[in-house]
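Report on one structure; see the data block that follows.
The values are calculated or read from the model by the stated rules, or taken from the named source; none is laboratory data. Computed from a predicted structure; not experimentally measured. Note that each Cβ is placed from the backbone with ideal geometry, even for glycine, and that neighbours are counted across all protein chains shown. These accessible areas exclude ligands, DNA and RNA; they are computed on the full protein's heavy atoms, side chains included. Shrake-Rupley method; radii C 1.70, N 1.55, O 1.52, S 1.80 Å.
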Amino acid sequence: MDSSSLIRKTGADLRVAPNLADYAAERRRFSWEAVGRELGAQPDGGLNIAWQALERHAQGALRDKIAFRFLNREQAARSVSYGELSRLASRFCNVLRGLGIGKGERLFILAGRIPELYVALLGSLKNGTVVSPLFSAFGPEPIATRVNLGEGAVLVTTDMLYARKVAKWREQMPSLKHVLLVAEEGGATNVPGTLDLATLMAAAGDACDITPTAAADMSLLHFTSGTTGTPKGAVHVHGAVATHWATGRYALDLHAEDIYWCTADPGWVTGTSYGIVAPLLHGVTSIVDREEFDAERWYGILQDQGVTVWYTAPTAIRMLMKSGAEIPRKYRFPQLRFIASVGEPLNPEAVRWGKEVLGLPIHDNWWQTETGGIMIANTPAFDIKPGSMGRPLPGIDAAIVRHHEDGSASLIETPDVEGELALRRGWPSMFQAYLNNEERYRKCFAGPNNEWYLTGDLARRDADGYFWFVGRADDVIKSAGHLIGPFEVESALMEHPAVAEAGVIGKPDPVVGEVVKAFVSLKQGFAQSEALRLELLGHARKRLGAAVAPKEIAFLTTLPRTRSGKIMRRLLKARELGLSEGDTSTLEAGG
Ligand code: ATP
Ligand code: MG
């Protein structure tokens with residue numbers, strides 16, 4: 001990377017003093033024990049996410065502060081204070097107790113981003129009940145598979161989703177004891193075999209003592225995105241709050257006065273860890289929008305809600321870029337002061353677009369369902385190298401390792417050498433199991449005392465300690481003796497003004513092993529043509545050299561993506577080769 005593309009941090013970029021100012025000093029000073037002390041001692045001596053994130057504030061100075069502002073197209077915004085949210089969560093906890101549901105039992109939520117989802121999630125945690133939020137767009141089969149794998153005892157959903165996706169399949173979920181329904185049109189529901197949540201809530205008491213839980217007790221069950229295969233159920237614990245607190249502070253730079261918007265759905269781990277837990281821990285006001293992506297609406301929310309910190313995903317950023325330069329000209333974002341992104345590699349072009357259009361660079365960060373929280377990030381404390389995912393946060397040790405056939409791993413100390421990204425175990429939000437798949441879990445660890453968690457992603461670290469994403473181990477292309485990471489090729493293609501998105505695969509070839517094939521979708525105002533295809537092939541060759549550049553390029557209107565916004569390269573490949581598509585439970589509609 002040439003130094004001219006470095007985005008330097010200056011005082012003018014930072015409208016408030018950042019939480020993390022001196023990266024090296026903070027890393028030296030940091031300890032998870034100290035974070036534990038910051039969180040404050042719970043009166044019962046235990047550790048519960050709902051107490052730390054909600055109860056503590058509801059009983060203190062933030063009682064009347066807005067915790068969430070819920071937006072949707074049809075109705076006026078609804079604001080819920082910390083005090084009210086806590087009361088509602090207590091009622092929900094009492095509803096569960098009334099139904100005989102206790103600690104450790106599993107509750108699934110299948111709903112859009114409505115207030116009841118947030119109340120049910122926090123109320124379950126108060127009851128020590130394990131929560132698993134699902135994407136409301138899932139079809140009946142993915143719902144049943146997950147409920148069965150997690151042995152769900154309770155399902156909270158809406159009358160409409162129940163009728164469309166659950167009723168007929170109910171018998172196939174024998175563990176379900178209760179289904180609690182929210183009426184989408186308001187009012188009460190009256191569906192055989194279910195209970196009306198509003199009626200139960202009205203009858204429940206406002207006060208409850210949180211069921212004692214310890215740091216090691218299970219809190220949430222999150223399924224991975226299914227980008228590379230069948231989704232895995234990652235088990236998380238209450239102790240994870242320490243990571244959520246620390247990362248909210250360092251990677252999202254949350255300050256008490258922030259208006260924060262995390263665009264992820266709680267059906268994906270980001271929407272829970274950073275859409276619910278971290279902002280509440282920091283006592284900020286969060287925006288929740290029930291609607292799906294819409295460029296005009298999103299610029300409008302950033303402006304009208306006065307969003308100060310925005311956490312979103314590369315797909316969303318690329319969709320904004322795709323929608324053109326005209327729309328954002330109608331809006332102003334004087335309050336916005338920090339933007340972060342996660343989920344997929346963020347191409348350098350997108351980082352720079354942030355600076356041009358929103359006035360701020362975008363801070364990419366990296367983590368997975370398994371890590372429970374942000375591990376590697378671009379923070380306010382250092383310059384951004386566009387295309388890099390940043391540096392490990394305080395409390396996190398990351399390394400590049402070579403993973404051997406026999407399961408062992410050795411550290412690669414030399415900079416700029418590609419290998420598997422590994423994390424030293426010991427951070428509080430690390431997953432504790434893949435549900436019902438102990439062997440797969442065990443295989444994730446290597447080294448003396450199994451001290452390294454192997455992430456399945458390939459990366460390299462440069463001499464300044466920045467990490468660069470290369471690709472998922474499963475997606476890497478082997479061509480004529482070279483290992484090619486799809487991200488590098490995709491980024492180069494996205495530098496061409498016509499390209500909105502790119503997905504790159506290896507296509508089997510008798511001579512070189514695999515050839516690089518790219519699928520691209522175009523920005524508004526560009527049309528598919530043979531001339532453009534040749535131009536893109538030429539552009540890629542110039543940027544990447546003949547060995548790495550794609551040999552074939554095909555146009556697609558949209559690329560197949562998971563509901564969490566990740567390009568499903570395995571589907572591009574299966575379709576190209578006429579193979580079975582495998583698990584498509586998380587595939588976005590129209591993909
Ligand atoms: P599955 O494990 O089921 O195939 P998944 O890995 O996509 O799905 P998630 O846990 O939702 O499921 O996503 C984590 C993965 O997303 C990471 O392992 C990485 O491959 C990718 N990712 C997340 N953030 C970034 C980032 N900033 N840069 C590059 N890749 C990222
Ligand atoms: Mg994964």
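Return yes or no: is Val357 open to solvent by less than 10 Å² (accessible area, probe 1.4 Å) and away from ligand 2 (no atom under 16 Å from the Cβ)? Considered against the rule, which asks whether it is open to solvent by less than 10 Å² (accessible area, probe 1.4 Å) and away from ligand 2 (no atom under 16 Å from the Cβ), Val357 comes out as no.
Only one of the numbered conditions (1) within 27 Å of Ile317 (Cα to Cα); (2) open to solvent by 40 Å² or more (accessible area, probe 1.4 Å); (3) in a strand (DSSP E or B) is not met by Ala589, and that is (3). Sort out which residues of the range 416-456 are within 24 Å of Phe382 (Cα to Cα) and either of a type in the set (Phe, Trp, Tyr) or within 16 Å of ligand 2 (Cβ to nearest atom) (or both), and write them in order of number. Within the range 416-456, Leu421, Ala422, Leu423, Trp427 meet the criteria.
Within the range 511-531, residues that are farther than 19 Å from Ile567 by Cβ sit with their Cβ atoms under 6 Å from residues that are open to solvent by less than 40 Å² (accessible area, probe 1.4 Å) and among the aliphatic types (A, V, I, L, M), at 6+ positions apart or across chains, in these pairs: Phe526/Ala498. Within the range 35-91, the set of residues being open to solvent by less than 10 Å² (accessible area, probe 1.4 Å) and within 16 Å of Ser124 (Cβ to Cβ) comprises Asn48, Ile49, Ala50, Gln52, Ala53, Leu54, Leu85, Ser86, Ala89, Ser90. The residues of the range 531-570 that are open to solvent by less than 60 Å² (accessible area, probe 1.4 Å) and under 21 Å from the mean Cα position of the chain (by Cα), listed by number, are Leu559, Pro560, Arg561, Thr562, Ser564, Gly565, Lys566, Ile567, Met568, Arg569, Arg570. Of all the numbered requirements in (1) surrounded by fewer than 20 Cβ atoms within 10 Å (Cβ to Cβ); (2) under 20 Å from the mean Cα position of the chain (by Cα); (3) within 20 Å of Thr224 (Cα to Cα), Asn148 misses one, and that requirement is (2). The residues on offer are Thr227, Thr194, Thr247, and the sole one that is more than 16 Å from ligand 2 (Cβ to nearest atom), hydroxyl-bearing (Ser, Thr, Tyr), crowded, with 20+ Cβ neighbours inside 10 Å and in the same structural domain as Leu62 (by TED's automatic domain parsing) is Thr247.
Taken over the range 500-530, the residue count meeting the criterion of being of a type in the set (A, V, I, L, M), within 17 Å of Ser479 (Cα to Cα) and open to solvent by 60 Å² or more (accessible area, probe 1.4 Å) is 1.
Identification of strands (runs of 3 or more DSSP E) wholly contained in the range 178-279 with 2 or more residues that are more than 16 Å from ligand 1 (Cβ to nearest atom) and within 25 Å of Gly395 (Cβ to Cβ) yields 218-223.
One residue alone among Leu483, Leu493, Leu534, Leu559 is under 21 Å from Glu344 (Cβ atoms) and part of a helix (DSSP H, G or I), and that residue is Leu493. Residue under question is Arg332, and the condition is that it be within 16 Å of ligand 1 (Cβ to nearest atom), of a type in the set (Lys, Arg), at pLDDT 95 or above and open to solvent by 20 Å² or more (accessible area, probe 1.4 Å); does it hold? In short, no. Considering the range 478-497, the residues that are surrounded by 18 or more Cβ atoms within 10 Å (Cβ to Cβ) and hydrophobic (A, V, I, L, M, F, W, C) include one that is nearest to ligand 1 (Cβ to nearest atom), namely Phe487. Criterion applied to Ser136, Ser124, Ser132 was being buried (at least 19 other Cβ atoms within 10 Å of the Cβ), free of Cβ contacts under 8 Å to residues at least 60 places away in the same chain and within 21 Å of Tyr274 (Cβ to Cβ), and the one residue passing it is Ser124.
For Thr369, the conditions (1) within 16 Å of ligand 2 (Cβ to nearest atom); (2) buried (at least 24 other Cβ atoms within 10 Å of the Cβ); (3) touching a residue at least 40 places away in the same chain (Cβ under 8 Å) are fulfilled apart from (2).
Checked against (1) modelled with pLDDT of 95 or more; (2) of a type in the set (Lys, Arg); (3) within 16 Å of ligand 1 (Cβ to nearest atom), Arg297 passes all but a single condition, namely (3). Checking the stated criteria, Thr270 turns out to be crowded, with 22+ Cβ neighbours inside 10 Å, in contact (Cβ under 8 Å) with a residue 24 or more places away in the chain and under 18 Å from Ser219 (Cβ atoms).
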